[in-house]
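A short worksheet on the structure shown next.
The values are calculated or read from the model by the stated rules, or taken from the named source; none is laboratory data. Computed from a predicted structure; not experimentally measured. Note that each Cβ is placed from the backbone with ideal geometry, even for glycine, and that neighbours are counted across all protein chains shown. Ligands, DNA and RNA are stripped out before the accessible areas are found, and what is left, the full protein with its side chains, is counted by its heavy atoms. Shrake-Rupley method; radii C 1.70, N 1.55, O 1.52, S 1.80 Å.
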Amino acid sequence: MAKKKEIIDFRNKNITYTIECIQYKVLLLNKANMNVELSCFENEKFTQNKTIPFAHLPKSIKSLIKPNNK
């Protein structure tokens, strides 16, 4: 039986949100530990990659990602 994919790639879907003048782009969702990897941009310039828990995402972004779907 094939093993389910534990990491979902969102780089090509361009899912972004902005908080306090910092724009975040969703890159990956690790379903095993429910962490999300983000790219942070300030003034259109890349600053860092960041990993946060899925629960810390805004509700509108959570509805786009839906980790329970196949």
> So which of 46, 54 ends up being among the aromatic types (Phe, Trp, Tyr) and open to solvent by less than 70 Å² (accessible area, probe 1.4 Å)?
Replying inline: 54
>> Quick check on segment 58-69. Is at least one of its residues touching a residue at least 24 places away in the same chain (Cβ under 8 Å), assigned to a strand (DSSP E or B) and β-branched (Val, Ile, Thr)?
In response: no
> Only one of (1) part of a loop (DSSP other than H, G, I, E, B); (2) without any contact (Cβ under 8 Å) to a residue 24 or more places away in the chain; (3) not aliphatic (A, V, I, L, M) fails for residue 12. Which number is that?
Replying inline: (1)
>> Looking for something among the acidic types (Asp, Glu), out of contact with any helix residue (DSSP H, G or I) (no Cβ under 9 Å at 6 or more places or on another chain) and surrounded by 11 or more Cβ atoms within 10 Å (Cβ to Cβ) - is there at least one such residue anywhere in segment 10-27?
In response: no
>> Anything in segment 19-47 that is within 19 Å of residue 9 (Cβ to Cβ) and not hydrophobic (A, V, I, L, M, F, W, C)? List them, or say none.
In response: 24, 25, 30, 31, 33, 35, 37, 39
>> Looking only at segment 33-43, filter to residues that are closer than 16 Å to residue 7 by Cα and more than 9 Å from the chain's Cα centre (by Cα); which one of those is least open to solvent (accessible area, probe 1.4 Å)?
In response: 34
